[in-house]
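**Q** For reference, the structure I am asking about is given below.
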Amino acid sequence: MHPTSDAARARAAAVFDLDARLPQRVFRELTDEAVFCEFDLLLTPDAWPALSALARLHGDRQVDLLVVEVDGVAGPTLSLSVEATPDDYWMEVGFGSGREPLESITIAAQTVALTGPSGSWGCWGERDPEVAVVRGFPDEAARHDWHARYGPCVDAAGALASWLPQVFGNRGIPDAYAAEMAANYGTPQGNRDSSA
C-alpha cells in the first residue's frame with residue numbers, strides 16, 4: 001500500500017471510530033452540533049467546494065477520503081489537494097480514468113470518512129441511511145456560513161423529521177434509533193452524562 005494511504009487511513013482512524021455506524025458516535029472527539037447532508041451528493045463534483053472549504057478553515061492543504069466499507073470490506077484511500085477542482089475530485093471518485101461505473105467509489109462505497117491532516121474536522125457518510133454527517137466547525141458563525149453556502153443541509157432534528165423517515169418508510173424511525181441520533185449529533189455534548 002502507498003505510504004500516503006497508510007497515513008490517510010491512520011488520520012481517519014484518529015478522527016473516527018471506523019467500526020461504528022450511525023446512529024452510534026462515529027466521531028471520536030468532535031462534539032459540535034452536526035450538519036447532515038445527502039450521502040449521494042457527497043461523492044459528486046458538487047460536494048468538492050464544500051469539502052475543500054472546510055479543510056481550508058483548519059489550514060489543511062489536502063482532504064483525505066477513506067472508503068471505510070465497500071461490499072463488506074475496507075476500500076481505497078485517496079488524498080486530494082484543496083487546490084483540486086470539482087472535476088479532479090470526480091476523476092478520483094466517479095467514472096473517470098476508464099473506470100466502469102460499478103468500480104467507482106461513488107457507486108460502490110457503502111461508508112466513507114473524510115478529514116484532513118489537522119484532524120479538526122470530519123465528514124462521515126453512509127449509503128444506508130443515505131446521509132453524511134459533518135463536524136468540526138470552529139464556531140456557530142462558521143457552521144452557519146458553510147451551511148448557507150453549501151446546503152441543502154439540516155441539523156439532527158431536521159434529519160430525523162424530514163430525511164430519515166423516507167429511509168425507514170412505513171416502518172417509521174425506531175424510537176431508540178431516533179433518541180441515539182439526537183443524543184449523539186444534536187447540540188454540543190458537554191453535559192452528556194446529565195442529559196443521558
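Listed here are the residues, each with its yes/no results for (1) over 20 Å from Trp163 (Cα atoms); (2) out of contact with any Gly (no Cβ under 7 Å at 6 or more places or on another chain).
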position: Ala34; (1), (2): no, yes
position: Glu38; (1), (2): no, yes
position: Pro49; (1), (2): yes, yes
position: Asp60; (1), (2): yes, no
position: Val70; (1), (2): yes, yes
position: Ser81; (1), (2): yes, yes
position: Glu92; (1), (2): yes, yes
position: Trp124; (1), (2): no, yes
position: Phe137; (1), (2): yes, yes
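**Q** Please enumerate the residues belonging to region 130-157 that are touching a Phe, Trp or Tyr at 6+ places or on another chain (Cβ under 7 Å), in a helix (DSSP H, G or I) and within 26 Å of Asp19 (Cα to Cα).
**A** Scanning region 130-157 gives a single hit, Ala156.
**Q** Which of the residues spanning region 158-178 are assigned to a helix (DSSP H, G or I) and open to solvent by less than 60 Å² (accessible area, probe 1.4 Å)? First the steps, then the outcome.
**A** Looking only at region 158-178, we keep the residues that are assigned to a helix (DSSP H, G or I), and these are 158-171, 175-178.
Of everything in region 158-178, those that are assigned to a helix (DSSP H, G or I) and open to solvent by less than 60 Å² (accessible area, probe 1.4 Å) turn out to be Gly158, Ala159, Leu160, Ser162, Trp163, Leu164, Pro165, Val167, Phe168, Gly169, Tyr177, Ala178.
**Q** What single numbered condition from (1) more than 15 Å from the chain's Cα centre (by Cα); (2) over 17 Å from Trp121 (Cβ atoms); (3) of a type in the set (Lys, Arg) fails to hold for Arg21?
**A** (1)
**Q** Also, I was wondering about something else. Of the residues in region 57-98, how many are open to solvent by less than 50 Å² (accessible area, probe 1.4 Å) and of a type in the set (A, V, I, L, M, F, W, C)?
**A** Total satisfying the criteria: 11.
**Q** So which helices (runs of 4 or more DSSP H) stay within region 1-81 end to end and still have 3 or more residues that are without any contact (Cβ under 8 Å) to a residue 12 or more places away in the chain? Break it down stepwise before answering.
**A** Numbers: elements: 3-15, 39-42, 48-57.
Per the criteria, 3-15.
**Q** Run Ser52 past the list (1) out of contact with any helix residue (DSSP H, G or I) (no Cβ under 6 Å at 6 or more places or on another chain); (2) open to solvent by 60 Å² or more (accessible area, probe 1.4 Å) and report the number of the one that doesn't hold.
**A** (2)
**Q** Suppose we filter region 64-88 for residues that are closer than 16 Å to Glu126 by Cβ and modelled with pLDDT of 90 or more; how many remain? Walk me through it before giving the result.
**A** Residues of region 64-88 that are closer than 16 Å to Glu126 by Cβ, as a first pass: 65-75.
From what's left, modelled with pLDDT of 90 or more: 65-69.
Residues that pass the stated criteria total 5.
**Q** Please specify each residue of region 110-151 satisfying the condition of being within 22 Å of Ser5 (Cβ to Cβ), of a type in the set (A, V, I, L, M, F, W, C) and within 9 Å of the chain's Cα centre (by Cα).
**A** The answer is Val112, Ala113, Leu114, Cys123, Trp124, Ala132.
**Q** Also: Hey, could you check region 100-129 for residues that are exposed (fewer than 15 other Cβ atoms within 10 Å of the Cβ) and in a loop (DSSP other than H, G, I, E, B) and say which is modelled with the highest pLDDT?
**A** Going residue by residue through region 100-129, those that are exposed (fewer than 15 other Cβ atoms within 10 Å of the Cβ) are 100-103, 128.
Narrowing further to those that are in a loop (DSSP other than H, G, I, E, B): 100, 128.
Numbers: Glu100: 68, Asp128: 93.
Result: Asp128.
The values are calculated or read from the model by the stated rules, or taken from the named source; none is laboratory data. In this text, all values refer to a predicted model and were calculated from it rather than measured experimentally. Reconstructed Cβ throughout: ideal geometry from the backbone, glycine too, with neighbour counts over all protein chains shown. Side chains are part of the model used for accessible areas, which takes the heavy atoms of the whole protein and leaves out ligands, DNA and RNA. Shrake-Rupley method; radii C 1.70, N 1.55, O 1.52, S 1.80 Å.
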